[in-house]
Amino acid sequence: MPITYDALGTYTLTGFSSVTFSNISSSYTDLVIHYSGVANSGTANGIGIRLNGDSAANYAWGYFESNAGTTQGVNQNGTSYALAGYMDNDRSSGGTININNYRGAFIKQIQSLGIGANSSVNNVTSWSSTAAITSVTFFILSNSFASPSVVSLYGIARA
């Protein structure tokens, strides 16, 4: 079964703290977000996403992190966003966010992997809405993006 990736949009993030991909077509089965870049000054910053503008406490996530030889895991229920990775402030970081079956009438599952200079983070999130996803807001939790930073959204069609 051939799989195709269609580019649905790309943003250059320099100086911004968030961007929204809106009017997402229902022509695909899955969505994939790729990001890379650097946070402005300060410490490393979390990357979050919100679906359909939902900022209520409808997300539950957990992550496993390996950072400079140590590991930790954290779970959070009732949050206002899906944790989707981290971005270092002085070295390039990047990640991939997968949203499978984004238009189905059931609770959505999000999986992401972020990699920085000394760490990697694997996140899983449940969004408790059964609505089809029509917009995704991508943001940094407490900072803004520095140059060069970019995020791209792809639709995946399965024949």
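Considering region 131-159, and only residues there that are under 20 Å from LYS108 (Cα atoms) and of a type in the set (Phe, Trp, Tyr), the residue that is surrounded by the fewest Cβ atoms within 10 Å (Cβ to Cβ) turns out to be TYR154. Return the residues of region 75-129 that are under 13 Å from SER36 (Cα atoms), over 11 Å from the mean Cα position of the chain (by Cα) and β-branched (Val, Ile, Thr); say none if nothing qualifies. Scanning region 75-129 gives a single hit, ILE115. When VAL121, VAL150 are checked against the criterion of being outside any loop (DSSP other than H, G, I, E, B), in contact (Cβ under 8 Å) with a residue 24 or more places away in the chain and under 19 Å from LEU8 (Cα atoms), a single residue qualifies: VAL150. Of all residues in region 84-108, exactly one satisfies the criterion of being of a type in the set (Lys, Arg), assigned to a loop (DSSP other than H, G, I, E, B) and surrounded by 14 or more Cβ atoms within 10 Å (Cβ to Cβ), namely ARG103. If you check GLY85, GLY116, GLY69, GLY95 for being touching a Lys or Arg at 6+ places or on another chain (Cβ under 7 Å) and of a type outside the set (D, E, K, R), only one passes: GLY116.
Taken together, the values in this text are just the output of simple stated rules run on the coordinates, not laboratory data. Here the structure is a predicted model, which is why all the values come from computation and not from measurement. For neighbour counting, all protein chains shown are included, and Cβ atoms are generated from backbone atoms with ideal geometry for every residue, glycine included.
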